[in-house]
Amino acid sequence: MFVPLPQIASMRVARLIGFLARFSLAASLLCVPIGAAAAQSDDTSTASTSRAGSPIPASRDFDAVSRDAAAAREAGETAKAVDEYARALALHPNWAEGWWYLGTLQYALDHYSEAVPSLKKLLELAPGNADGWSLLGLCEFETRNYAASLADLEKAASLGNLDDPEIGRVAAYHLAMLLNRNGEFGRAARTLSAALGDGPYPQQAKIVLAIALLRAPLLPQEIDPTHDALLQRTGEVATLLARSEMGKALELFPALTRDFPRVAYLHLAYGIALASNGQPAEALVQLQAEIEDSPASELPLIQVSAVERSLGHLEEARRAAERAVALAPTSAAAHQALSAALQSLGKGQAAAAEARLADSLPPSPPDSESVKARVRDWYSSSRKAAPSDEAKEDAAQLNGGGPKPEDDEFENAARAAAAAEASGNAPEAIRLYEHALQQRPGWDLGLFSLGMVSYSAGLYPQAVENLTRYLERNTADGSAWAVLGLCEFELKDYDNALIHLERGEQLNLQGSPESLQIARYHLGILRNRVARFEEATSILASAAKPAPLRGDVEFAMGIAQLRMPLLPAQVPASSRPLVRDAGAIAVLLQQGRYETAFAGFQRLLVKFPQTPFLHLAYGVALASLSKYDEAAEQMQQELLISPSSEWPNIRLAWIALRQHRAADALTPARRAVALAPDSAEAHYLLGRASLESGDPNTALDELRKADKIAPGSAEVHFALGRAYSKAGQPERAEQERAEFERLNARLQTSAPAGDAYEGPHDAGDLSTP
């Protein structure tokens, strides 16, 4: 159950109000002049009633009301603007510009059902307005009228010429989701990729591309959260394929198919990628694996037929195509494959007959309904979400229903379950919660409580099942996501555990100091496991107190200091004393006890002189106190021990830039890029060094790469603004400065107070423009 972020999923109020302020939609653009609207309206000199139901004084004419509406809109008084536009439209119902603003403001307030008729009225008056069709489709999506949303978003796409690219990206994202749901996976991927172009791909977009690659006819929110890790990793591969970065995608496929060996269509995608990369023999291996995993699907057989033809294996190509036709006799693609195979064998008449049959079939999605149903069932929640307790009570009231005997049984079981939980009798609490949920399957509090009791009792699979059902309707509950992640950690489902613990943290996790420490400790060690050491240090520092896990947290901070991509239990016995000492030094640095920490580093370096990344950690600490020359010496020592690592080069380039020696930063920055071409930090530093060395064109190239790899960095956009300015592109420079201001404002509101040392935290160190 992927939870979309607001980055692309919707335009929030502040952004949309800003859009409305700069986007003056003149009535002439809508093909309905205001004067014409006035001429078409009835005489309204007498008092009327607004759409909101309030009487409109006769003394207020249309011009006065429309001016008040515009003033409220421009001042950001959205609710007042909605009321004033409704009043104005009661006076002149054919005022197209008014319907536009009313609909967009209602959308901004999340009043989607109210915005739908407003936008429909707009489109009656201005049927060629693509922005209007886009917003109508977005509103219909939010009201779950998916068929209408798909039709209207496609209408907007066919018109083109959107006045605001942000609406276009949001509309394309939703259209791609709906195309996936409709089984049009290729169109979904092409639609989203075309909208995003060469720009950064937000995480939500990667998830939609993953769903397309996996051919799951579902919306992201309809997918069970136990598949989040699969979607996240598949999304990285799908994004590379969308960008035509075939080499990088092929590097990731083996691990993906190894870790998720029986997932439908993964081997198919891998085989197609290999075939398009000129590796037909390897492609056949993957396609045969897909045939074993998806025996009811014709798709791998169609691809096998094409690959066999390319190898000159014509009879094998024909047999594969015939099997595809037998599985899917109404598939145009299967008949086309058979036609091509027959043509290669010189059977022209039979090939022509198959081609005619293919042409006569509708261009429907190639997956059969049975195959789509199987995939849909596998990805969606294990059991259909029951109506919530509140929804059932509302329905009972509407139907005039009174109390029933089963209601008493539920109430008694619920009270007894809570009492058993409070007394610490977990088995009895579980039994009673399960009994109560049999009476009311949609009882959210019961699902949550059952999940928590099951977690406390070590019944992790049961806890995952109940928390998953609870989260279907309560996606903003950070505590539930965190406990789900802790359960997955115990089940060694580390990838999903990391995703869900991070989601819990992002949703403002609540709880006792001890429970917060447990969640953040596990989040920290999981970040260490995937080599996100800076972020691990940051979250572990917040988990250093209270006492119960202090020693474990300190050990984990040592792992981060030494950049060991391991869980604590995986650290070899021979390395544990070193890790403990490194963790103790990390705590000293957090406490600001630098001299004691530096002495500790020096003792460790004497004792363990060849330890990778120990010089690096010492140098980072020295640089945090602006001891740049000493820090650079440590980085040079680290280069001798870790010549294939980009990190000492990154730090040397950063130190040179801090000392205003841009020319000296170029060499280590270039080495860092060569060693780690996917490192945003390396490209950023090379861009900065090139910019300050008078080479804005190279700077633009490197900074754009940094933004593509890690979008949303304020410092990258600040540097891009400077680079565009020096390259003589003032408009682009202004756009980048505006983006920097937006991102920097967000950073300021979310950044922790103080300047405490954060360990090997490169992103933080690079944040100063």
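The values are calculated or read from the model by the stated rules, or taken from the named source; none is laboratory data. Because the structure is a prediction, the values reported are computed rather than measured. Every residue, glycine as well, gets a Cβ built from its backbone with ideal geometry; the counts of neighbours run over all protein chains shown. All accessible areas refer to the heavy atoms of the entire protein, side chains included, with ligands and DNA or RNA removed. Shrake-Rupley method; radii C 1.70, N 1.55, O 1.52, S 1.80 Å.
Couple of notes before you dig in:
- Taking all protein chains as they are arranged and a probe of 1.4 Å, the heavy atoms of Leu311 leave approximately 70 Å² accessible to solvent.
- Proximal lysines to Lys372, defined as alpha-carbon separation beneath 27 angstrom and excluding residues fewer than eight positions away on the same chain: Lys155, Lys206, Lys384
- Gyration tensor (alpha-carbon) shape descriptor, segment 175-323, a/c threshold 1.5: prolate
- Most to least packed among 601-612, 81-92 [average Cβ atoms within 10 Å]: 81-92, 601-612
- Ranked by the mean number of other Cβ atoms within 10 Å of their residues, highest first, the peptides 70-78, 271-279, 650-658 come out as 650-658, 271-279, 70-78.
- Pair-distance profile P(r), taking every C-alpha pair of segment 508-569, with 5 angstrom steps and integer %: 4, 24, 34, 22, 12, 4, 0
- Solvent-accessible area of Trp133 with every protein chain in place, 1.4 Å probe, in Å² to the nearest 10: 40 Å²
- Taken per residue, the accessible surface of the chain reaches 44 Å², heavy atoms only and a 1.4 Å probe.
- For Val464, the solvent-accessible surface with a 1.4 Å probe is about 20 Å², rounded to the nearest 10.
- The H on the amide N of Ser380, modeled in the peptide plane, is under 5 Å from the matching H of Asp224, each at least 5 residues off or on a different chain.
- For the chain, the Kirkwood estimate of hydrodynamic radius, built from reciprocal distances between every pair of different alpha carbons, is 30.1 Å.
- Sorting the segments 506-515, 577-586, 299-308 by their mean number of nearby beta carbons within 10 angstrom, highest to lowest, gives 299-308, 577-586, 506-515.
- The accessible surface of the chain, taken with every protein chain in place and a 1.4 Å probe, is 52 percent carbon and sulfur.
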